[in-house]
Each structure stands twice: as structure tokens, then as C-alpha cells.
Amino acid sequence: MASKFNTVTQTSEAEYEIKKSRFIGVIMPCHSEDEALRQLGRLAQQHPNANHLAFAWRIRQPEGFLTERFHDAGEPSGTAGRPILAPLEGESLINVVVGVVRYFGGIKLGIGGLTRAYGTAAKESIAAAQVHPWVEMTQITLEIDYSQLQLLEYQLKLYHGKILDQQFTDKVTVTFSLPAEMADDIRQQFTPVNG
């Protein structure tokens, strides 16, 4: 796939204040819409007295397509969710959700002011995050001899892979994830026991 994406692996936040209204932008990693909703639920619990929690997400589905969703959270249409989504698109970020919490300060900002404030809070949360290139991962299960396990562990460390599960019988059944572009290398090095 030609297009390059970016992502984050840790939650980051930034605060922005304008005319006594506080906007707290929080970028959170997520791999599914359910996970994004759980992340937003936790954010809402952390800010029970907030006036609004607008959000946007971009998530790459296992089939390869992107889903984007945004929500204005009661603000005038187009003033919150869309401005939060824009910097996610601009930075080619995927598998992230950005929530912007607003505490109303008593002074109305108007349509343009709201749009700028939500967009700025989202941009600042992204700027506070460690953004890095997204790598497509794949999952593989191999049945190998015990003698091959140490070599497999070594190769996975080199490729930034991760063992997800191991079952020990007369052989070792190992399930692991690693960058998809490295999958053929691993398959060639480790001939499955059952062909």
C-alpha cells in the first residue's frame, strides 16, 4: 500500500484556554470503534462536570479501509467534530481517537471561535504526542521444534514482533504478531512441522 500512515501508542493531552473556556484535547490510541468508545467513556468519567466532549477518530479496519467518525457533542453543527478530525487527516493519523473536553467559561465564542478552539485543542494534543509511522502488523501461528524457539524469539525481537501465545506439547505452537512485510522472511526461516 503506497500511502504512509502515522499513529500514536500513548495517550497525550494539551489544554487550550480562550475567553475563560477551557478546551482539553486528548489523543488516545485505539484499534477498533469499540475501543475508541471505551476510551471516550473513560475520558468522560474523568471530566464529569464538562459541558461538552466532542471527538473524532480514524481507524484502519482489518480489511484495509479507514473508518472516520466525528461528533459535535451538542455544539453547533460543524464547529467541533469536523475541526477535530481535520488535523488527524492532515497528519495522516490512524488508529487514534481525539476527544476535546470543553468547560464553558460564560462567554460565547461564536461559530468561528468554536471551530478554531476545537481545532486548536486537537492540534495541540497531537503536537504533545509522540507520533510515529504506523506499521501494518500481521498474526502468524507456527508449530515448531523446541530447538527453533530461541531463534524465533531472537528474530521477533529484531523485527519488532511480539509473541501472543505459546502452547507446549511435543512441539511448540507459537502465535505472534510482527510487521506484515517481515512475514515471508519468518515463514521461510521456520518450516512448519506439519508442512
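The values are calculated or read from the model by the stated rules, or taken from the named source; none is laboratory data. Fair warning: this is a prediction, and the values are worked out from it, not measured in the lab. Don't worry about glycine lacking a Cβ; one is built from the backbone with ideal geometry, like all the others, and counts go over all protein chains shown.
Would you confirm whether or not region 61-68 contains a residue that is in contact (Cβ under 8 Å) with a residue 12 or more places away in the chain, over 24 Å from residue 180 (Cα atoms), assigned by TED's automatic domain parsing to the domain that holds residue 129 and not in a loop (DSSP other than H, G, I, E, B)?
no
Would you mind finding the one in 96, 100 that is within 18 Å of residue 116 (Cβ to Cβ) and in contact with a strand residue (DSSP E or B) (Cβ under 7 Å, 6 or more places away or on another chain)?
100
Under the condition of being out of contact with any Gly (no Cβ under 6 Å at 6 or more places or on another chain) and in a loop (DSSP other than H, G, I, E, B), which residue from region 20-53 is nearest to residue 114 (Cα to Cα)?
Among them, the one singled out is 51.
Tell me which residues, restricted to region 142-169, are within 23 Å of residue 95 (Cβ to Cβ) and of a type in the set (Ser, Thr, Tyr).
Result: 159, single match.
If you scan region 105-148, which residues turn out to be hydrophobic (A, V, I, L, M, F, W, C) and at pLDDT below 90?
Once the filter is applied, which keeps residues that are hydrophobic (A, V, I, L, M, F, W, C) and at pLDDT below 90, region 105-148 yields 107, 131, 134, 135, 137, 140, 142, 144.
Does any residue in region 116-128 that is hydrophobic (A, V, I, L, M, F, W, C) come within less than 7 Å, Cβ to Cβ, of a residue that is in a helix (DSSP H, G or I) and surrounded by fewer than 24 Cβ atoms within 10 Å (Cβ to Cβ) six or more places away or on a different chain, and which pairs are these?
122/87; 126/87
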